[in-house]
């Protein structure tokens, strides 16, 4: 089964894929200009890879948990995923863990690498 995961943020969407059920590979993040553009880009990515299951990171705990969950679920609804199964996975600490893992490996810029590594961590947790 071809699986993808996304880490949805306000500026970037981290992306990762798993094509063999074992190895998770981070992909280039999608930079958000607006939610409709981002939804089109995510959907095109899912179609390009023939993704059958999408794992979406949801923040658990924290003061804005309900608001972020509402925003994330709304974004997922824009993807129109009638043909792709969606599952949600707790993403707590995934961005922090991604920063820790890459400390000294590359400069932390706002290019989405950290977001995609967070998506990789989310998918590895789900697997």
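Each value in this text was obtained by applying a stated rule to the coordinates, not by laboratory testing. These numbers come from a predicted model, not from an experiment. A quick note on method: Cβ atoms are made from the backbone with ideal geometry, for glycine too, and the neighbour counts reach across all protein chains shown.
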For a label point 7 Å from the Cα of residue 44 along Cα→C-beta, name the residues of region 71-93 whose backbone N is under 18 Å from it.
78-81
Rg followed by Dmax, in Å, when region 3-126 is reduced to its Cα trace
13.4, 41
Using mean Cβ contacts within 10 Å as the protection proxy, how do 39-49, 76-86 order, highest first?
39-49, 76-86
In nm, the gap between the two label points placed 7 Å beyond Cα toward Cβ at residue 28 and residue 74 is 2.9 nm
For region 59-91 and region 1-42, distance of Cα centres in Å:
13 Å
Counting only DSSP beta bridges with both residues in the chain, what percent are antiparallel, rounded to the nearest 5?
55 percent
Once R0 is set to 25 Å, what does the formula 1/(1 + (r/R0)^6) return for the Cβ-Cβ distance between residue 35 and residue 101, expressed as a FRET efficiency to the nearest 0.05?
0.30
